[in-house]
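Notes follow the structure.
The values are calculated or read from the model by the stated rules, or taken from the named source; none is laboratory data. From a predicted model like this one, the values you see are computed outputs, not experimental measurements. We place every Cβ from the backbone using ideal geometry, glycine too, and count neighbours over all the protein chains shown. SASA here: full protein model, heavy atoms, side chains in, ligands and nucleic acids out. Shrake-Rupley method; radii C 1.70, N 1.55, O 1.52, S 1.80 Å.
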There are 2 protein chains.
Amino acid sequence: MIKMADGVTAKFSRTSALLCVAIVVGSLPSSFADSSGRRSPAKQWSWDCDAVIGQCRKVPVTTPGTGGLGLEACRLTCGRAGALWPMPTGTISLGSLLSPLNPEGVAFTYTGQSEGTARLIAEAVRVFQGNLRALVPRGAGQRRAGAARDLSILVSVAASPGDDLLTWDTDEGYSLRTTAGMDGFVDASINASSFFGARHGLETLSQLVAWDDNGGRLVVAADASVLGDRPVYPHRGLLVDPARNFLPMTDLYRQVDAMASCKMNVLHLHLTDTQGFPYTSRRVPVLTDNGALQGMAYSPADIASLVHYAKVRGVRVLPEFDAPAHAGAGWDAASERLGKGQLAVCVNQQPWRKLCIEPPCGQLNPVNPDLYPLLGGIYADMAEDFGAVERLRGSNLTAPLLHMGGDEVHLGCWNSSAEIIDWMESNGYPRTKEGFLALWAEFQARALVELDRVSGVPATAILWTSDLTSLDVVEDYLDKSRYVIQAWMPAAETLPLKLLDKGYRLIFSTKDAWYLDHGYGNWKGSSISGYPFHPWQVVYDNGLPPRTRGGSGGEVLGGEAATWGEMVDGVTLDAKTWPRAAATAERLWSDPRGSGRRAKSSWLWARTRMMSHRERMVSRGIRADALQPKWCYYNEGECA
Amino acid sequence: MIKMADGVTAKFSRTSALLCVAIVVGSLPSSFADSSGRRSPAKQWSWDCDAVIGQCRKVPVTTPGTGGLGLEACRLTCGRAGALWPMPTGTISLGSLLSPLNPEGVAFTYTGQSEGTARLIAEAVRVFQGNLRALVPRGAGQRRAGAARDLSILVSVAASPGDDLLTWDTDEGYSLRTTAGMDGFVDASINASSFFGARHGLETLSQLVAWDDNGGRLVVAADASVLGDRPVYPHRGLLVDPARNFLPMTDLYRQVDAMASCKMNVLHLHLTDTQGFPYTSRRVPVLTDNGALQGMAYSPADIASLVHYAKVRGVRVLPEFDAPAHAGAGWDAASERLGKGQLAVCVNQQPWRKLCIEPPCGQLNPVNPDLYPLLGGIYADMAEDFGAVERLRGSNLTAPLLHMGGDEVHLGCWNSSAEIIDWMESNGYPRTKEGFLALWAEFQARALVELDRVSGVPATAILWTSDLTSLDVVEDYLDKSRYVIQAWMPAAETLPLKLLDKGYRLIFSTKDAWYLDHGYGNWKGSSISGYPFHPWQVVYDNGLPPRTRGGSGGEVLGGEAATWGEMVDGVTLDAKTWPRAAATAERLWSDPRGSGRRAKSSWLWARTRMMSHRERMVSRGIRADALQPKWCYYNEGECA
């Protein structure tokens, strides 16, 4: 079955394309003669690739208008991986043929079995074309468009109908080839087993295109291939936190754009906390009515829109409903108004230092049996809104239904509640740390029953590391077939390895490398000092254990960079998150290691590509931070 | 003389204003009845001022649509200084009368002698009105505009014609009163001795206006006065650095907007360095042609536009031409092409660690006599472009002609040049640290002669602290009547006090408090670690010595926050600079100290106002960072 997309604005006009044949260039990028003689004023340098060392070298422009490539155009085919981010794991061949490209001339053909996939591909191609257009500087226009080639993309996806669900088992691999055909087109072919692989192929293709700043036009690497590229880890996430500071939809969309640029695939929304409940629950609306600060909440339509937007960009959205701690906003009102007793304790109580980690306090009341059906209601809302049920029921593949939180329970809070203490006494729980942990585990077990009720099958959920995941109790309390554990301890902590050895599946959010909100001081009380900032180099060099380890059944599913929200809202979310989260992305896709072909595991070997990728993100409207002086950008290796 | 501005779009229509009389409210903000019954959905709280503790307290909205103020509206008149930033030094009385305000109904009357001032005031009122409009959330519109009052501003400026020059002697003080007149207008009167004072009065007036999020309208404090407010220090600056990463004009304009919001008055442009020369020199164009990276340079028209834009907002633009170190970009080409011998040494040489502080290296050649006329050419260009000559010649007031840089001379660079070594030998300079310092001082003396040639009178210039400003040599080398010294050492360093005692004038850019680019890691070589981040609390608590000290003649002119540009460009300049530079601004305007009426000198007492000011900056399009969870914002004092 072959389809032509009519949703794409590009035209597939072979007549006009024939005019372009004459300008297909030879193997040397510098052979671009700019016959028009017009150049941007005062471009004093162009760049040539030194193939031996794989670096673009500055060349003085002696006669304005006489050829030479801009730096980004040079980098497309220079070095082992050009300007690709993340580093492909497959076989890379970039050739040295560049062709001028007309961003308005993009067409695609889809080969495959699934109408659903075809529709997604059409949307993904539209995104791809938007990314090409974004490379053209504002006001620059495309000069000499008549000399530029159109792009014809053949997308073949082997997926069966109904396979458009992104899970930990999805094959995200793809192969990509570009050629300058005799028909005057640049032809690109992408082969993948799933929509998600095909989308990644389009992303890679977009990274084979650059704005030639000297020539004033887009160019594409027209003799390139990236074969068998697929991620090392299936879970490559970013956590953002609209519960501490609401994040407008436009800022969430932009995070997805940024993630797509580096093939991250999980947007983890820390949706609820003591500070806010910005999620619209249909089944327990009192939580939203009172927990969404001044009405700031995502509507079901917002979530549906985000979920689709993300899917088209290869990202699934994972909601976290944090419990039993980090729950307060809305729960005080729920306790008052639902007539079901005290559903949460310590809510907004002072002095906060005695009852929680950060203000305001709040923790669910595990001994109130009426609490659990309400949890079930929220789980059902989230499963519906985020498409988790569809994902779970629609396939035999594994996917977490949601993130159940589970961090930082403050035993002192529960210990301050007469109701809880009485219940523990009546039910034989000692009023010790062990007793409170057992109570917490009881909460977790009952919450999981509610989750299973929603899923209809035994559900998979994610939990943060906590006292419940310590080695001596974890197997008593958390079934390794049901829970994936997200480890947020420092890199030096050995617990994650031991959990792997016990057979648990893990996601890493290494606190002293991937907590991107660190380093900006403190907001609580009268304290000023906070955690140190983690520069991109530290983010990059945070290696994870291999995906599997021994025969325990334990597995590293991947990791997440985390931009917690206490000191960030939509205004500076990009600046704090990007491009550093892109370093996490390459770690998770490529897993650069110290052996064999991928011996170059340190950030030092990624630096130039990182700088190019940052500029690419900026071209797409992402307000990513700068990492070096522009002079260093233009003079590769001179600032080392 | 009385003038009406026709440049302001507001209309001065007394007929329609009369309709508003009925809605003038009493002394309690909570008496706003919202007769329309329409409210934003799910605003669960309003706020009342607790006058005893000076905090706005949350009140549940029990019946939607029945009054109550949004938080920012409440804060306008709550506490000693409402939401004003920086804290006025004069007498503050905020009343408690709020009036709905129509942002489209702004008119002003100017009383004064100067046509020039009248024109500037007209522009400043337009900016003021833009700031009011910016408070209205996108899409919110102004509800019930018919009930809102127009604003009539009477601006009286005592300045003589020709006084519109901002110097260290300018009286920036003003007095402001608002009243709800019987004519249906809110009347505001501003009295000042200079345009700059009047502008600050308009800024304060804009901070007496807020968006009432619950009522869906702008409100103004209509019974307020701020009398005799004037800055403690005359130099309140922000340094930005387009030499390391070019800063597009739009980003510079936005820095001026942000500075104006907190009454900062000096935008210090670090215009030249080894990495780039983004300044268009008419007299030495070879520097621009070769030093402006790929043509990125400010044209004279850009500079003129910036200088005017800044002036209207109470800011003067101070160019820095750094020398003799931090000079390289363009100078290599100048050496090649001008036929005047080697004008700079070590340019772009490797290994950089041996010849400079950061790559690329470069230092002017002090023994080449042909260098100095070129310096004079650049000085002349800058003096013309930045209006410094006009400022200097047009008054008897003191103002620096420009910033001469003078930091981080690397003696090893000069010591690597055979030409320099030979010259020193021939001229009796020992090849010791002392000898090189004498050479540097000789350079500085000859550069000053060039500067004087431009100014026509003995010029004042600013220099960074350096080996030349150390106690044992400073008086030999730097005339205290000619040089102002900008101290960038850590807060614990005692040199600045000793320089004050010697009679020098100082500007502080305390490295471990006001270097806002610190904390983001490193970009040089293979190093990762860098300086720690300075949270806003540290920025705020960086107190300066009193303006004068003993009878030495020494004077603290003020200070500058500095966002050096190695790791920032226009994309994240706001995020790194704001709102922290606003903490510097309050320190410099208000000098909160531990005695008398202004006993509350710590950030703890400024926290709530800072949070409001951050929101104000965001409303004006400044991408300032968030400092706390929104819950803390809504629950003043609960996160302390």
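Side notes on the structure shown:
- Label-point spacing for A:Ser526 across the identical copies (point 7 Å from Cα in the Cβ direction), in nm and ascending order: 4.6.
- Peptide B:293-303 is shielded by partner chain Cβ atoms: per residue, an average of 3 of them sit within 10 Å of its Cβ.
- Summary: within chain A, the longest segment free of GluC sites (Glu not before Pro) located in DSSP loops with at most 16 other C-beta atoms within 10 Å is A:1-407.
- Mean-position separation - Cα centroids, region B:410-438 and region A:499-577, in angstrom: 51
- Charge dipole of region A:93-187 (Cα centre as origin; +1 on each Lys and Arg Cβ, -1 on each Asp and Glu Cβ, all else neutral): 740 debye, rounded to the nearest 20.
- Cα gyration tensor shape of region B:218-308, rounded if a/c is under 1.5, else prolate or oblate by comparing a/b with b/c: prolate
- B from A by rotation - nearest chain A beta carbon to the axis, in Å: A:Ala575, 2
- Farthest towards the positive end of the charge dipole of chain A, among the residues A:Ala83, A:Thr63, A:Tyr309, is the Cα of A:Thr63, using unit charges on the Cβ of Lys, Arg, Asp and Glu.
- Note on region A:135-290: Kirkwood hydrodynamic radius from all Cα pairs is 18.6 Å, rounded to one decimal.
- Helix axis angle, B:433-455 relative to chain B longest principal axis, alpha carbon, degrees: 60
- Accessible area ranking (1.4 Å probe, heavy atoms, ligands and nucleic acids excluded), largest first, for A:Asp452, A:Asp512, B:Asp407: A:Asp512, A:Asp452, B:Asp407.
- Rounded to the nearest 20 debye, dipole of region A:335-466 from Cβ charges on Lys, Arg, Asp, Glu: 140
- Relative pair counts by distance (%), Cα atoms of region B:64-203, 5 Å bins: 2, 9, 16, 21, 20, 15, 9, 5, 2, 1, 0, 0
- Evaluated with a Cβ-only charge set (Lys, Arg +1; Asp, Glu -1), chain B carries a dipole of roughly 2360 debye about its Cα centre, given to the nearest 20.
- In chain A, the longest principal axis of the Cα atoms and the axis of helix A:195-206 are about 50 degrees apart.
- Residue (of A:Val473, A:Ala438, A:Val454) at the positive-pole extreme of region A:437-477, dipole from beta-carbon charges: A:Val454
- Per-copy distances of the A:Asp169 label point, shortest first, in nm (7 angstrom along Cα→Cβ): 8.3
- Contact surface B-A: accessible area buried, both sides summed, square angstrom, 1.4 angstrom probe: 5200
- Region A:341-391, relative contact order [Cα under 8 Å, separation at least 6], %: 29
- Rounded to the nearest 0.05, the FRET efficiency derived from the C-beta distance between B:Arg337 and B:Ala304 at R0 = 30 Å is 0.60.
- Of the residues in region B:542-589, those shielded by at least 30 Å² of accessible area once partner protein chains are present, compared with the chain alone at a 1.4 Å probe, are B:Met567, B:Asp569, B:Val571, B:Thr572.
- Note on chain A: helix-only mean residue ellipticity at 222 nm, from DSSP H runs of 4+ residues weighted -39500 (n - 2.57) and normalised by residue number, equals -9000 deg cm²/dmol.
- Heavy-atom accessible area, 1.4 Å probe, ligands and nucleic acids excluded: residues of region A:522-540 down by at least 40 Å² from chain alone: A:Trp523, A:Gly525, A:Ile528, A:Phe533, A:Gln537
- The residues of region B:306-352 occluded by other protein chains by 10 Å² or more of accessible area, set against the chain on its own, are B:Asn348, B:Gln350, B:Trp352; surface from heavy atoms, 1.4 Å probe.
- Shape class of region B:288-382 from the Cα gyration tensor (axes a ≥ b ≥ c, square roots of the eigenvalues): prolate, since a/c reaches 1.5 or more and a/b is larger than b/c.
- Shortest first, A:Gly54 label-point distances to identical copies amount to 6.2 nm, with the label point at 7 Å from Cα along Cα→Cβ.
- Cα-based helix-to-principal-axis angle, B:300-312 vs chain B, degrees rounded to 10: 40
- Accessible area (Å², 1.4 Å probe, nearest 10) - A:Lys502: 60
- Average accessible area per residue (Å²) across chain B - probe 1.4 Å, nucleic acids and ligands excluded: 33
- Carbon and sulfur %, accessible surface of region A:167-281 computed with the full protein complex present, 1.4 Å: 52
- C-alpha center-to-center spacing [region B:159-190, region B:48-121] in angstrom: 17
- Shape class of chain A from the Cα gyration tensor (axes a ≥ b ≥ c, square roots of the eigenvalues): prolate, since a/c reaches 1.5 or more and a/b is larger than b/c.
- Since only A:Asn265, A:Ser299, A:Val345 are under comparison, the one whose Cα sits farthest along the positive direction of the charge dipole of region A:263-353, derived from C-beta charges on Lys, Arg, Asp and Glu, is A:Asn265.
- Scattering profile of the protein assembly as shown at q = 0.06, 0.08, 0.09 Å⁻¹ [log10 I(q)/I(0), Debye over alpha-carbon scatterers]: -0.57, -1.02, -1.26
- Accessible heavy-atom area order of B:Arg75, A:Arg119, A:Arg133, highest first, probe of 1.4 Å: A:Arg119, A:Arg133, B:Arg75
- Each label point was placed 7 Å from the Cα along the Cα-to-Cβ direction; for B:Glu425 and B:Ala492 their separation is 4.4 nm.
- Over 21 Å (Cα to Cα) - which of A:Lys354/A:Lys524; B:Lys43/B:Lys630; B:Lys354/B:Lys498; B:Lys263/B:Lys576; A:Lys630/B:Lys524 fall in this group: B:Lys354/B:Lys498
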